[in-house]
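Written below as structure tokens is the structure these notes are about.
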Amino acid sequence: VENQLTELLGMKYPIIQAPMAGGVTTSQLVAAVSNAGGLGMIGAGYLSPDQMRKQINEIRELTTENFGINLFVPSQFKAAKNEVQTAVDAMKSFKHELDLDDELPELPTYEAELEKFNEQIRIVIEEKVPVCSFTFGIPSADTVSQLRSENIILVGTATTVKEAILNEKAGMDAITVQGSEAGGHRGTFTEEDGSLIGLMSLIPQAADHVHIPIIAAGGIMDARGLAASLCLGAQAVQMGTAFLTCVESGAADVHKQAILEAADDQIVFTRAFSGKNARGIKNRFITEMREVEQQLPDFPVQNTLTKGIRGKASVQKNKEFMSLWSGQSPMLAKSETVEELINRVVMDAKKLKDFG
Ligand SMILES: Cc1cc2nc3c(=O)[nH]c(=O)nc-3n(C[C@H](O)[C@H](O)[C@H](O)COP(=O)(O)O)c2cc1C
């Protein structure tokens, strides 16, 4: 399949590896995807400028193909004193269970987040990263025009038609539409009010209301998901969970194993880990935080408050307190190399009737 988007992004196949912040998107993973004919993406949301620069250079050693980077667009957030206290109280017993002290970490501010984001943008420009995508919002008009003048291809994220239109108006070159099946955080940045639109509804409606190419994300793991997405009006797919269980991914082994063993009905939404709604495998932390879940501070404050717990749990390989992000199709996940995954998807897609 060749189309406007594969040409724009310089990929042989319409397959994008989802940026996954938090250590999943190693240089090996990103480069392997681009080398296999897809587009590898760095999940740089939590990376410092130095870490970004280092990874960009590492990838350039491993591939001459295009690759991309993804950033979190900061927005004003709510973190009232009583919400922080609710979180601290609710997590006290978990901290003791994991042998952590009660010390409160330094909490993020909007101003500091914005400063960090601007620094990240500076690195993207200095390093001339070919593709830059965004989630959680749309950058300022200034930032967009700065990036555009450097010929960096810009991709926004939308979870509704309204968000897709806002992205197009802001000057994005393409949009990732994220259905409610998607693993990890919701990219939602307008009042969505829990509408949680599924991908089968979102792709054709977005395709009818914007003129720029659409990338489909959420629950896509194989050729069937790829073919269906193209039929519905997308020009490529963005797969997260499918790449997370690959050999080259940096996800913790317990996380990979949990996905490989999970059933569809164990995948739930929670805001308990970060203060922003995200999809992952149900565990004790999610279940026991349910009662206070809606009274917790927003992202990124709650994310900072749970950092110690998530980190210690990961060291102890204790999956009950780790954020085991996964989309709704874990039963299609496999343990294989990136090359095996991409070749399998492409080969199977060619065999599908009325496709290719
Ligand atoms: C572990 C994990 C981390 C993610 N981190 C990011 C991120 O940093 N930026 C982003 O735009 N999307 C992120 N996503 C969402 C993906 O871009 C995509 O929407 C999702 O993976 C699609 O659903 P699937 O996992 O079923 O393929 C993440 C997803 C997962 C599973």
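Just so you know, all these numbers are worked out from the coordinates, no wet-lab data involved. Bear in mind the structure is a predicted one, so any value in this text is a computation, not a measurement. Cβ: placed from backbone, ideal geometry, glycine included. Neighbour counts: every protein chain shown.
Here are some notes:
- Charge context of Lys169, other residues only, Cβ under 15 angstrom, K/R +1, D/E -1: -1
- Gyration tensor (alpha-carbon) shape descriptor, region 1-157, a/c threshold 1.5: prolate
- Share antiparallel - DSSP beta bridges, the chain, percent rounded to 5: 20
- For the chain, alpha-carbon Rg and Dmax in angstrom: 19.3, 60
- Between Glu61 and Ser195, the modelled labels are 4.7 nm apart [label points 7 Å from Cα along Cα→Cβ].
- Using the Stokes-Einstein relation with a Kirkwood hydrodynamic radius computed over Cα pairs, the translational diffusion coefficient of region 76-158 at 10 °C and a viscosity of 1.306 mPa s comes to 100 µm²/s.
- Between 0 and 90 degrees, the angle of helix 110-126 with respect to the longest Cα principal axis of the chain falls at about 30 degrees.
- Stretch gain in nm, segment Met331-Arg224, where the contour uses 0.36 nm per residue and the Cα spacing is subtracted: 37.1 nm
- Per-pair calculated FRET efficiency, R0 = 22 Å: Tyr46 and Leu104 via Cβ, rounded to 0.05: 0.65
- Expressed in units of 2.2 N^0.38 Å, where N is the residue count, the Cα radius of gyration of region 172-325 is 1.10.
- Only helices enter the 222 nm calculation for the chain: every DSSP H run of n ≥ 4 contributes -39,500 (n - 2.57), and dividing by all residues gives -12500 deg cm²/dmol, rounded to 500.
- Gaussian network model of the chain, springs between alpha carbon atoms under 10 Å - residue of Gly22, Gly43, Gly68 with greatest fluctuation: Gly22
- Subtracting the Cα-Cα distance of Arg122 and Asp142 from their residue separation scaled by 0.36 nm leaves 5.9 nm.
- Prolate/oblate/rounded label for region 303-356 (Cα gyration tensor, a/c 1.5): prolate
- Spin-label model, Gln294/Glu2: points 7 Å from Cα along the beta carbon direction are separated by 5.3 nm.
- Violating pairs (Cα-Cα greater than 28 angstrom) within the set Lys162/Lys276; Lys128/Lys282; Lys256/Lys307; Lys92/Lys319; Lys128/Lys350; Lys92/Lys282: Lys128/Lys282; Lys128/Lys350
- Seen from Thr159, the other residues with C-beta closer than 14 Å to its C-beta sum to a net charge of -1, counting Lys and Arg as +1 and Asp and Glu as -1.
- C-alpha long axis of helix 49-62 to longest principal axis of the chain, angle in °: 40
- Listed residues Thr63, Ile16, Ala31: farthest to the positive end of the dipole of region 14-87 (Cβ charges): Ile16
- Amide H within-cut-off set for Met41, under 5 Å, with H built and near neighbours excluded: Gln17, Gly68
- Taking the longest Cα principal axis of the chain as reference, the axis of helix 199-209 is set at about 60 degrees.
- Estimated at 0.36 nm per residue, the fully extended path between Glu115 and His209 surpasses their Cα-Cα distance by 30.5 nm.
- Phi-based couplings in Hz for region 98-107 (Karplus 6.51, -1.76, 1.60; Gly and Pro marked x): 8, 6, 9, 7, 8, 4, 7, x, 5, 8
- Relative to the globular-protein estimate of 2.2 N^0.38 Å, the Cα radius of gyration of region 235-295 stands at 1.28.
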